[in-house]
Amino acid sequence: MPTPLGRSIQDYSQKSILRLHMPGHIGGKELLPPLREAAPYDLTEIPGLDDLHQPQAGIKQAKEYIASCFGAEESFILVNGASSGIHALMLAAGSVGDKILLPRNVHRSFYGALVMSGADPLYMPCTINSSLGMAVSLYPSTVEDYLNRYADIQAVFITSPSYFGTCAQVEQIAALVHKRDIPLMVDEAHGAHFSFHSAYPRPALEQGADAAVNGLHKTLPVLTPGAVLHMASSFPAPETLRAAWSLLTTTSPSYLLMASIEWGVAYMETQGQALLEQARELSCEYQKKISQIPGLQCMGEEFIQEESIQAVDPLKVVVAIWEWSLNGQQLDALLRSRYGIQVEMAENNFILAMFSLLHKREDWEMFYQALLDLSRSYYRPGRGKKLVENPPLPQVIFNPRQAFFANKERVGLKEARGRIAGELVAAYPPGIPCVLPGEQMNAGVIDYLEYVQKSGVRIQGPADPTLQTIQVIS
Ligand SMILES: Cc1ncc(COP(=O)(O)O)c(C=O)c1O
């Protein structure tokens, strides 16, 4: 496999050299035992090992190789996760006074990016599967509507696939955005594997996106938090993007991580197609079998019925629990304690199992058998679906940067009516922020927060998770 960066760190670590340079573990002999084996390869910018910020040798070749595998004009290695790619893209997309269009269910890294850039967010509502309480996509017509209503949008961001594997109509959205001569950028953190098999959802770049971010560690054999940011030749500000990426990237990148990214991509180029085919077939077979277990349903086929969803990743297995006396969190706990299975997430009405292209038939079978076994004790016909209410879309008064630097105080939830939020509150499900710093808490928002408080859903963000009090801007 073409792994020039991996080869160069291997060559160096095999030489007998007195290491009078960083890192201070000098090859790792004193490190914790599980780390010792990898530590000799944990190197830094010494002759022969290139420099991530000015690549001329192994890192340059690795970057070019990655770009060619993903069909990008240029790919940037990210050593701080997909989050840092989102940060870099947002810095390149606009600054103070610029409007950025994005769906309301974006990952929290977008909020951090807006604090850094100072741009104004315009949030679009997303499509929701209300029986699961899950934001699954957004309609191209919603994007069109916002583009028509606001003439001064600088850039559009969307997320596709979602955390749950549901993919948006990226091609249609790209065409709408390009009519306005502005760029479309895609948070494709969960879709790095799409480029390696034509029967998987189509990658965003292939559908006309001007840039996309892949969290490689999420779906490929790559160490956490390895990721890449891909820029297409159509991206309007390549120099600004390079500068933003460099500004946000450490001067001490992990060579282990970079080599893992390079190796993971080379592995996908050589073995990905065959392994993804096998994984797709297993997914098809087992999703059907799981859906035949009384009271359960794998949602892949169901999701596709929703018009805003173009395709679904077969490796994200969302199992809806319709007629069991257990909820998702209880099922999650039983899978762990009784069967030694840990799923990716669990909510009231579903669990999300993330399969990798490396899982074998016996892994799928083990998951299936555990669910089948549990159905014998917990199937309860007639238990109804509990629908999830969706949060309102509050008005943005201060943009994220203004809100971040504003003075804040804490008040009781009732007193917060009409005030401007100083902290984020998100309820799971549906995981869409109820309110973000800088947004007005009108009666609808307070009512929703009171509903969240009473319904016992998981709350993320506020310092007081009971929501007795909330931080507001002074
Ligand atoms: C949709 C989405 N985008 C971006 C990210 C950020 O990725 P990372 O944790 O690699 O920075 C995540 C993380 O879970 C995510 O789910």
In this structure, does L424 turn out to be touching a residue at least 24 places away in the same chain (Cβ under 8 Å) and within 23 Å of T166 (Cβ to Cβ)? no
Within the stretch 162-182, restricting attention to residues that are in a helix (DSSP H, G or I) and surrounded by 23 or more Cβ atoms within 10 Å (Cβ to Cβ), which residue is nearest to the ligand (Cβ to nearest atom)? V170
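Before we move on, is A421 farther than 19 Å from I397 by Cα, modelled with pLDDT of 90 or more and not assigned by TED's automatic domain parsing to the domain that holds F164?
no
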Looking at (1) over 30 Å from M268 (Cα atoms); (2) under 24 Å from the mean Cα position of the chain (by Cα), which is the only condition L352 fails? (1)
Cross-chain or 6+ apart pairs with Cβ under 8 Å, the stretch 213-225 first and in the same structural domain as E73 (by TED's automatic domain parsing) and at negative phi, then near the ligand (Cβ under 9 Å from one of its atoms) and among the β-branched types (V, I, T): V213/I86; H217/T224
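Check the stretch 87-102 and report whether any residue there is outside any loop (DSSP other than H, G, I, E, B), at pLDDT below 95 and either under 21 Å from R202 (Cα atoms) or in the same structural domain as C167 (by TED's automatic domain parsing) (or both).
no
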Residue satisfying all of: in the stretch 192-207; in contact with a Leu (Cβ under 7 Å, 6 or more places away or on another chain) and more than 14 Å from the ligand (Cβ to nearest atom); farthest from G71 (Cα to Cα) among these: Y200
Filtered residue count, the stretch 208-257, keeping only those that are surrounded by fewer than 23 Cβ atoms within 10 Å (Cβ to Cβ), within 16 Å of the ligand (Cβ to nearest atom) and of a type in the set (F, W, Y): 0
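Filter the stretch 47-83 for residues that are small (G, A, S) and more than 16 Å from the ligand (Cβ to nearest atom); which is modelled with the lowest pLDDT?
So in the stretch 47-83, the residues small (G, A, S) come out as 48, 57-58, 62, 67-68, 71-72, 75, 81-83.
With more than 16 Å from the ligand (Cβ to nearest atom) added as a condition, the list becomes 48, 57-58, 62, 67-68, 71-72.
Values: G48: 91, A57: 94, G58: 94, A62: 96, A67: 98, S68: 97, G71: 98, A72: 98.
Applying the filter and picking the extreme gives G48.
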Within the group I309, I341, I304, I321, which residue is under 27 Å from the mean Cα position of the chain (by Cα), crowded, with 21+ Cβ neighbours inside 10 Å and without any contact (Cβ under 8 Å) to a residue 40 or more places away in the chain? I321
Of all residues being in contact with a Phe, Trp or Tyr (Cβ under 9 Å, 6 or more places away or on another chain) and not in a helix (DSSP H, G or I) in the stretch 53-74, which is surrounded by the most Cβ atoms within 10 Å (Cβ to Cβ)? Just the residue, please. E74
May I ask you to verify whether I86 is within 13 Å of Y255 (Cα to Cα), within 16 Å of the ligand (Cβ to nearest atom), of a type outside the set (K, R) and crowded, with 23+ Cβ neighbours inside 10 Å? no
Checking A189 against (1) within 16 Å of the ligand (Cβ to nearest atom); (2) aliphatic (A, V, I, L, M); (3) out of contact with any Ser or Thr (no Cβ under 7 Å at 6 or more places or on another chain); (4) not in a loop (DSSP other than H, G, I, E, B), which single condition isn't satisfied? (4)
Quick check, is G112 within 16 Å of the ligand (Cβ to nearest atom), among the small types (G, A, S), surrounded by fewer than 19 Cβ atoms within 10 Å (Cβ to Cβ) and assigned by TED's automatic domain parsing to the domain that holds L257? yes
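The values are calculated or read from the model by the stated rules, or taken from the named source; none is laboratory data. Small disclaimer: the values here were computed from a predicted structure and weren't measured. As a convention, Cβ positions derive from the backbone with ideal geometry for all residues, glycine included, and neighbour counts pool all protein chains shown.
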